1. Would you grab the residues whose amide H sits under 5 Å from the one on residue C:310? Only those 5+ places off in sequence or on another chain, please, with H modelled 1.01 Å from N.
2. Which one of D:137, D:249, D:123 has the biggest mean-square fluctuation once chain D is modelled by GNM with Cα springs under 10 Å?
3. Under a 5 Å amide H to amide H cut-off, with H placed in plane at 1.01 Å, what residues pair with residue B:75 once short-range neighbours are removed?
4. Take the rotation relating chain C to chain D, measure from its axis to every Cβ in chain C, and name the nearest residue with the distance in whole Å.
5. Taking a probe of 1.4 angstrom, what is the accessible area of residue C:219 in Å², to the nearest 10?
6. Given a cut-off of under 8 Å on Cα pairs at least six residues apart, what relative contact order in percent is computed for chain B?
7. 7 Å along Cα→Cβ for the label point: how many nanometres lie between residue C:1 and each equivalent label in the other copies, listed shortest first?
8. Calculate one ³J(HN,Hα) per residue across region C:317-325 by plugging θ = phi - 60° into the Karplus curve 6.51 cos²θ - 1.76 cosθ + 1.60, and present them in order as whole Hz with x for glycine and proline.
Number of protein chains: 4
Amino acid sequence: MDISARSMLLCLDDYEVTARELLNKAAYEYIASGAADEKTLKANRAAFDEIEILPQVLVDVSSIDTSRTIFGRKHDYPILLAPTGYHRLFHERGEIESVYGANRSNTTLIASTFSTVSFEAMQRASAAPLWFQLYMQRDRGFTRELVRRVTEAGCEAICLTVDLAVNSPRDRELRAGFELPAGMVRENLIDMGRETASAAHSGGVGMLYNQVRAPNVTWKDVEWLRDELTIPLLLKGVLRPEDAETARQLGCDGVIVSNHGGRALDGVPSTMSMLPKIADKVGGSLALFLDGGIRRGTDVFAALAMGADAVMVGRSYLYALAVDGAEGIERMMAILKTEFEMAMGLAGCTALSTIERAMLQMRPAR
Amino acid sequence: MDISARSMLLCLDDYEVTARELLNKAAYEYIASGAADEKTLKANRAAFDEIEILPQVLVDVSSIDTSRTIFGRKHDYPILLAPTGYHRLFHERGEIESVYGANRSNTTLIASTFSTVSFEAMQRASAAPLWFQLYMQRDRGFTRELVRRVTEAGCEAICLTVDLAVNSPRDRELRAGFELPAGMVRENLIDMGRETASAAHSGGVGMLYNQVRAPNVTWKDVEWLRDELTIPLLLKGVLRPEDAETARQLGCDGVIVSNHGGRALDGVPSTMSMLPKIADKVGGSLALFLDGGIRRGTDVFAALAMGADAVMVGRSYLYALAVDGAEGIERMMAILKTEFEMAMGLAGCTALSTIERAMLQMRPAR
Amino acid sequence: MDISARSMLLCLDDYEVTARELLNKAAYEYIASGAADEKTLKANRAAFDEIEILPQVLVDVSSIDTSRTIFGRKHDYPILLAPTGYHRLFHERGEIESVYGANRSNTTLIASTFSTVSFEAMQRASAAPLWFQLYMQRDRGFTRELVRRVTEAGCEAICLTVDLAVNSPRDRELRAGFELPAGMVRENLIDMGRETASAAHSGGVGMLYNQVRAPNVTWKDVEWLRDELTIPLLLKGVLRPEDAETARQLGCDGVIVSNHGGRALDGVPSTMSMLPKIADKVGGSLALFLDGGIRRGTDVFAALAMGADAVMVGRSYLYALAVDGAEGIERMMAILKTEFEMAMGLAGCTALSTIERAMLQMRPAR
Amino acid sequence: MDISARSMLLCLDDYEVTARELLNKAAYEYIASGAADEKTLKANRAAFDEIEILPQVLVDVSSIDTSRTIFGRKHDYPILLAPTGYHRLFHERGEIESVYGANRSNTTLIASTFSTVSFEAMQRASAAPLWFQLYMQRDRGFTRELVRRVTEAGCEAICLTVDLAVNSPRDRELRAGFELPAGMVRENLIDMGRETASAAHSGGVGMLYNQVRAPNVTWKDVEWLRDELTIPLLLKGVLRPEDAETARQLGCDGVIVSNHGGRALDGVPSTMSMLPKIADKVGGSLALFLDGGIRRGTDVFAALAMGADAVMVGRSYLYALAVDGAEGIERMMAILKTEFEMAMGLAGCTALSTIERAMLQMRPAR
């Protein structure tokens, strides 16, 4: 990518626009789309538009500290890269390139069960520990082995996805004919057989259950997994405060307030509308993360003010990966970080701990 | 219809788009249009967009039971086919093809007084009992005879329409020049004479009263009809809780919360906004149905959570009939059923009885 | 106008669409436009969209009485024709043709001070008494003489306009270059001199005061006028309940809740939002009228339910006049009347007195 | 500009449309754009659309007094020209022409630190005293000297900007390639060196701090400045009532409720939504001003009713400057003033003191 084109990438949405031009339609739609009518996809973004920040003036902001320690390791910014699948669709080196991008921006990447490069290879390529997103399989023995492998490879935390027990209607994805090209497989599932490992994961008419995601995962499995693990366990996909509370009681280390980026059940609430209720219930005793719709530094600010310890960015780094590889991810993250610092500086905050819910107000209804 | 075109029909709205291309304008407008400015037509859909489902995670959903017993007969899904008129406009075999579609999808069809095939012929063609939608005529003797005929033919229940005592302004229909083609008649009304039976039913400027729908039907007539019948009686077109309560007191068996799909009085509330109020009044003692705007599995879920025992789908199956006959209806219903199962599975419900109003919340106002 | 084109005029908005094609731009813009950003113009319409009618079913509506007695004379429908200016712009016979249209539809027309035919000529042409809309002039003697003339000619009531003490910013009108063509004058003002009588009445940059409308009219003038008159006096352009109450105390006979069709101060509330507050204050003791945004029978129904004794239609009959002369007005009114009857019949009302506020509810906020 | 083109400039927005045609893209975008997604830019305007004015009728408005005394000097209208930068981009004589425009319309202009003509030259050209907008520099000595210079030159008041401690994301401006052309410098900063004085002031990716605006300004600096000054001190960019209260306690003379026209932190509340809260806190004891989104006379009316002593207009006079120089500013102001008088007259107000909050109501939510 030439320098002048790169210099015109000024905000996260610019990466989407450019990626749309570069990617084939199926790959673009895979990233961009949500389930069904995309009500939740839009609600995630709309929720940020409804929040106003009330800035404090005449604070000395000549030094701003954006760092946060998570599970004992200091992160420069309260921003992580959410688990997403099939990176080889977006860059020839796939998840390896994403690891490079994460490293260059000093950001923690959460590897997906559905990566097109094995977790071990990703962790080997990485200068920093990765996290791993886990779909539990019907064969719990397979899951146990998978978890053992990634832990051994150096994984720092496990994020168990709990919001996709059955398939969801992915109309746009199906319409675009999304499927894995020949030669691309979900490397972490290769022991299930090549066919299973390479099957496109979206359902179709009448396809309720998914081959590689168990529909019968319950809190008992969480307890079992918790006992298996030597590293932190997070639940990804929690929207109800009661479920966050149960996670806390069962000894989980964190919760990711998520609706799968609007790709699971369409019509569920935006993550930002549920975050404060979950924070009121378990904030302080569980690490709290939010994903879904983060596009601006002010979004990061709002999520932290509502009680998140950190946020996760998903689609934006895939677009950046497609546009400019590791360098794309680095610049995309630099934009977001600078915007976040601007939000802190202009709101009169010099450390994450000073970002409080009282600085927000809901926009007056129209 | 070739297989690849069929495989691109992924949601109910796809059938509308395709039907619009295939049908002549008058026939399409007859299905699609509502009265006047279509405020109520839009409100029916918008009401679903305002409802959020709060999903429960980590429930074992490896088995989901979607069945419900209605008037003593088990229905696989809480979804019925609403009464609609003039099917021969949409398929050469008319209502007979619709019966085939209903049978193939194991769904109960409600035949209309304004069918272009007689109820007897429909019931003969059907492997399962049909219901019958009744417009009461000025000549109550005619109505008594009609009801006797359909009951004798095997009809399982009568739905008396009560929301169209006079005509409504059907501008779009009139603009498109909708009328019955030569040779097509309302077969159930043939004894009224060929002219009456084939007259287009919409009014025009100054046409307040309708030839074949009595404007003087009152609760007395409901009592009379109730006494005439040996099968269940439902009132179709109730929006006020007080009217549902009167129906209950007079011994009706069910109420269909309906605004005639936005085709009667424009400006009345959406059915979904009135359903919970009606359920609070008569839920449990009357069978409750809702129609108007059902397009997604999550819509079915929301209606049940708000108190409906089952929902009715109207326009969507006419589009499917036009696009692909009985096979169209079968696939359209398969899509809706799968989506409904996905909604249940992703929300953590394994039986209809577990779908509760507490799982819903209203979307935050913009 | 040929019969088939006429038969495609199905609702009031159709007359606007057709008039727009037929009229020169300045004339069309004069009718259609509001002041400034047209916030109030749009609010008038939007207010109706926010009101829902809750219909009562199973009422015998085989006979519907839409009549109302106003100032001792029975009106078939609670609908009048609002005062509007310059009819010769829209039809070669001008206000005479409007009188014919009003007579054909058995509707009371309110003549404007700014008519292009004198009130006396209008009243002579009319089979029924007219009302007269009055702008008070700086020269109160002129006003006294004007009022005397119209009363003598047979005028039934005087509507004093009180919402246009100074000019308003009529950007669209000015942009379209609206002015009276040569030879067209405000005949009622001819005694002020030809130049004054033919000057376009809209202001421009820096033109705060109007030549023929006094800026110093106060409640004292209302008392004076009240004493001068032998016929009913109404105030037109009242939005505040307190002002309606003062009108009552000073012996006015009626109030027209109006914002000059959004042509006076832009940003004032819709008439429908203020009507119920005014009805609560003075309803029953003053005749209450509403104009602004009436386009459908359900709008008339809603206004009556909110407390109006009758409504006034303005722009729609000018469009009808332009499209089809007296016959246009007759058909336009027939459409509106039938729609109103449909609204009554479908809502379960058989007389105006049964239209109550309890039948309305506000649409749920989005 | 020829007279007929000028006569078609009927409202403030017309100047924007015309300026957009005349200016190069970078210059236009510099004026028009806000930060990031422009949520606050839009909110400023939207807030006015949500406010309704309830007009009082039958008041004698044949004489309307729009004057207000501010810091001892009588202003004909409660409208000032907000500080804006780089006028030579819009007119060859730059700020000198703006001064002429301000003088012709008898309006006070607030000169910007970022003017392309020195304050001294501006004040020399002006028939009336100017105000000066101040960015505090890292080098407080420079600031002291700057303040001394402008005071000596005749400046009447100092407005210290407090809402831009760090840069904001100015995507549109960066995208348009905005920078100062060769030969154009910020004359007031020339002593910092030519390079600094001519550097475009917007940031870019990673550019958090600004070369010429100090990030470490605190209330201590306000106290220091207060002590330095012999003329009134206002804080510009206050949105929180608490900050306005602190300003009062520290002896400031006024507060400008502003969000930098939506150019600082995107997502902060509209100025109109915060004004009444600030007025409740400090109204009466501090001079209160509002900027952001003023385009109509009714906007001025609403701001005054909400508690502002006067408003400031920014973008509109730059458009007018670009379109027609001093004559443009004069006519633009004449339009706004007439509209304001119309608002007063039509609402029944004859002096600023009679414009009260009770005359406003919030538009009903949709």
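The values are calculated or read from the model by the stated rules, or taken from the named source; none is laboratory data. Keep in mind that what you see is a predicted model, and the values were worked out from it rather than measured. Backbone-built Cβ (ideal geometry, glycine too); neighbour counts: all protein chains shown. SASA here: full protein model, heavy atoms, side chains in, ligands and nucleic acids out. Shrake-Rupley method; radii C 1.70, N 1.55, O 1.52, S 1.80 Å.
1. Residues meeting the criterion, in which the H sits 1.01 Å from N, are C:288, C:290.
2. Of D:137, D:249, D:123, the Gaussian network model singles out D:249 as fluctuating most.
3. Close amide H contacts, sequence-distant or interchain: B:68, B:69, B:70.
4. C:365, 3
5. Counting only protein heavy atoms, the figure is 50 Å².
6. On the way: 727 pairs, mean separation 101.6, N = 366.
It rounds to 28 percent for chain B.
7. 4.2, 4.2, 6.0
8. The phi angles translate into 7, 5, 4, 5, 4, 5, 7, 8, x Hz.
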